[in-house]
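Trainee: Below are the structure tokens for one structure; questions will follow.
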Number of protein chains: 2
Amino acid sequence: MNLAKLIDKDLDKFLPSAKTEPRILHEAMRYGVFPGGKRIRPIILIEAAIACGGNYREAAAAGCAVEFVHAYSLIHDDLPSMDDDDYRRGRPSCHKKFGEANAILAGDALLTLAFDLLANGYAPWIGIKMIKELSAATGSEGMVGGQALDIAGNKNSDKVNRLKTAKLFEASAALGALSARAGKKNIATLRKYGLNLGMAFQAIDDILDGENIHLRKDAGISIDKAKDALAVLGRPRAERLKKIADTILTRSK
Amino acid sequence: MNLAKLIDKDLDKFLPSAKTEPRILHEAMRYGVFPGGKRIRPIILIEAAIACGGNYREAAAAGCAVEFVHAYSLIHDDLPSMDDDDYRRGRPSCHKKFGEANAILAGDALLTLAFDLLANGYAPWIGIKMIKELSAATGSEGMVGGQALDIAGNKNSDKVNRLKTAKLFEASAALGALSARAGKKNIATLRKYGLNLGMAFQAIDDILDGENIHLRKDAGISIDKAKDALAVLGRPRAERLKKIADTILTRSK
């Protein structure tokens, strides 16, 4: 089974069943998570864990937590008062399918579930570090702050891209390292890798949206930085993380 | 200084300044928190801590966390797609003042900040227990689930009141006990106290909204249960918690 499919099985396991009350809320949460995209954030997290000597099993709960945060952000970003997107991955967006109120609540519940997974899935000293990392990356001076700047009209600035996208990539790589009980040096390495990967990811996203074709050079530079950061890990360990970096550059919608 | 004013000082301390970017987001978060109501949840939390041998200082971060969760829930509940309230405590509600998008994001950021405070304010083994307690009480099978049932038309049922309101009261009392390093028996006692207090609080809320005058008897029963639960704590310790219970019954809007 490939990694994305393994992750899907765990996402399904950690989500309450669609038969659990309130059904419409759990259906809306599941609709926001399945079928997903490429599961790039948990994949980065898991490969970072493996590169630090960890394994899939230990990384899985944290991988699902960052994917739940990503899903919540998409549900809220799609709302009429935000980006007003009626479609997501070729289907009606969550609020078109379940109504705005349920979409807002589904996002709220996915965010809450993410912290729940980290608190329940790890030894306290690791779980607390992960929760600090994730809350800092996604709060008012992280992802949510980036979305606020974005809707205020600061589109495509380096700062918006860092807050809105790259910080969650950075946190994903750091959480993977933490799940493997990595030391400070390796965590710092993975954090740098993740942040640069996220910057490249957002630049490519903007190119795919037709917003600025000149961003390809920026994306290339970020990917080089991400790969350079991995040097200290040693070659065989870094190989799969380098491959992920390359796929970011060549990805399509 | 009275307790509510002490709490206000700490809420102010833990919130990013309104001068921190993105300013509009931080202004909206602060608008949702100040001026608050009676700060009943953090007061319960702090008095529960003191009744278990703890103190204000140790309980403060958790008290602010539950108040941030409460503020986020009000901001999201007031949105047009939810309860559609244009006013809150005599002022325009958050979305009327800052727009819907910023109100949604302010709620998201307050929820994230709540978990951040618990992760940063306590020894890991306590912080993790608190985060488990808060996420379970406020997620899809807690407060958010209650709001989903409420907007689906299950108004005023016992289940809705328990999920939407009482679980956060229960968690507040339990978090206070945890901050005081209370044992399992005292935590269970405080949890029972908080849950019953919350049920009474919601019943009185419905009476004040003119929804069902017959609920006063239910509220009285819940308050009796809450006070009975305190018996095991011993009289002097339980005195202030009993007083809080009595004020719930006689409270006005």
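The values are calculated or read from the model by the stated rules, or taken from the named source; none is laboratory data. Everything quoted here is computed from the prediction, not taken from an experiment. So basically every Cβ, Gly included, is an ideal-geometry build from the backbone, and we count neighbours across all protein chains shown.
Trainee: Look at A:Ser93 and say whether it is among the polar types (S, T, N, Q), facing another protein chain (nearest Cβ under 9 Å) and more than 22 Å from B:Ala137 (Cα to Cα).
Mentor: no
Trainee: Could you count how many residues in the stretch A:75-90 are buried (at least 23 other Cβ atoms within 10 Å of the Cβ) and more than 10 Å from chain B (Cβ to nearest Cβ)?
Mentor: Narrowing the stretch A:75-90 to residues buried (at least 23 other Cβ atoms within 10 Å of the Cβ): A:75-76.
Those still in the list that are more than 10 Å from chain B (Cβ to nearest Cβ) too: A:75.
Here the count works out to 1.
Trainee: From the list B:Ser179, B:Ser157, which residue is out of contact with any Phe, Trp or Tyr (no Cβ under 6 Å at 6 or more places or on another chain), surrounded by 19 or more Cβ atoms within 10 Å (Cβ to Cβ) and small (Gly, Ala, Ser)?
Mentor: Selected residue: B:Ser179, the only one of B:Ser179, B:Ser157 that is out of contact with any Phe, Trp or Tyr (no Cβ under 6 Å at 6 or more places or on another chain), surrounded by 19 or more Cβ atoms within 10 Å (Cβ to Cβ) and small (Gly, Ala, Ser).
Trainee: Next question. I'm checking my understanding of the structure. Among residues of the stretch A:118-132 that are out of contact with any Ser or Thr (no Cβ under 7 Å at 6 or more places or on another chain) and surrounded by 24 or more Cβ atoms within 10 Å (Cβ to Cβ), which one is nearest to A:Tyr31 (Cα to Cα)?
Mentor: A:Leu118
Trainee: How many residues are surrounded by 11 or more Cβ atoms within 10 Å (Cβ to Cβ) and modelled with pLDDT of 85 or more when one looks only at the stretch A:212-242?
Mentor: 20
Trainee: Right, another one. Scanning for something of a type outside the set (Lys, Arg), more than 9 Å from chain B (Cβ to nearest Cβ) and farther than 24 Å from A:Pro236 by Cβ, does the stretch A:49-61 turn up at least one residue?
Mentor: yes
Trainee: For residues that are charged (D, E, K, R) and either in contact with a Phe, Trp or Tyr (Cβ under 6 Å, 6 or more places away or on another chain) or more than 7 Å from chain A (Cβ to nearest Cβ) (or both), tally how many sit in the stretch B:110-145.
Mentor: 2
Trainee: Which of the residues that make up the stretch A:186-220 are out of contact with any helix residue (DSSP H, G or I) (no Cβ under 8 Å at 6 or more places or on another chain) and in contact (Cβ under 8 Å) with a residue 12 or more places away in the chain?
Mentor: A:Leu208, A:Glu211
Trainee: How many residues, within the stretch B:142-178, are of a type outside the set (Ser, Thr, Tyr), farther than 27 Å from B:Glu47 by Cβ and outside any helix (DSSP H, G or I)?
Mentor: The number of residues fulfilling the criteria is 5.
Trainee: From the residues in the stretch A:96-105 that are in contact (Cβ under 8 Å) with a residue 24 or more places away in the chain and more than 8 Å from chain B (Cβ to nearest Cβ), which one is farthest from B:Asp83 (Cα to Cα)?
Mentor: The residue in question is A:Lys97.
Trainee: Still on this model: Among A:Ala48, A:Ala71, A:Ala65, A:Ala59, which is within 19 Å of A:Ile24 (Cβ to Cβ), among the aliphatic types (A, V, I, L, M), part of a helix (DSSP H, G or I) and in contact (Cβ under 8 Å) with a residue 24 or more places away in the chain?
Mentor: A:Ala71 is the lone residue from the list that is within 19 Å of A:Ile24 (Cβ to Cβ), among the aliphatic types (A, V, I, L, M), part of a helix (DSSP H, G or I) and in contact (Cβ under 8 Å) with a residue 24 or more places away in the chain.
Trainee: How about the stretch A:1-45: which of its residues are away from chain B (no Cβ under 12 Å), surrounded by fewer than 22 Cβ atoms within 10 Å (Cβ to Cβ) and either acidic (Asp, Glu) or not in a helix (DSSP H, G or I) (or both)?
Mentor: A:Met1, A:Asn2, A:Asp8, A:Asp10, A:Asp12, A:Lys19, A:Phe34, A:Pro35, A:Gly36, A:Gly37, A:Lys38, listed by residue number.
Trainee: If I filter the stretch A:95-110 for residues that are assigned to a helix (DSSP H, G or I), among the aromatic types (Phe, Trp, Tyr) and under 30 Å from B:Leu149 (Cβ atoms), do I get at least one hit?
Mentor: Yes, that holds for at least one residue.
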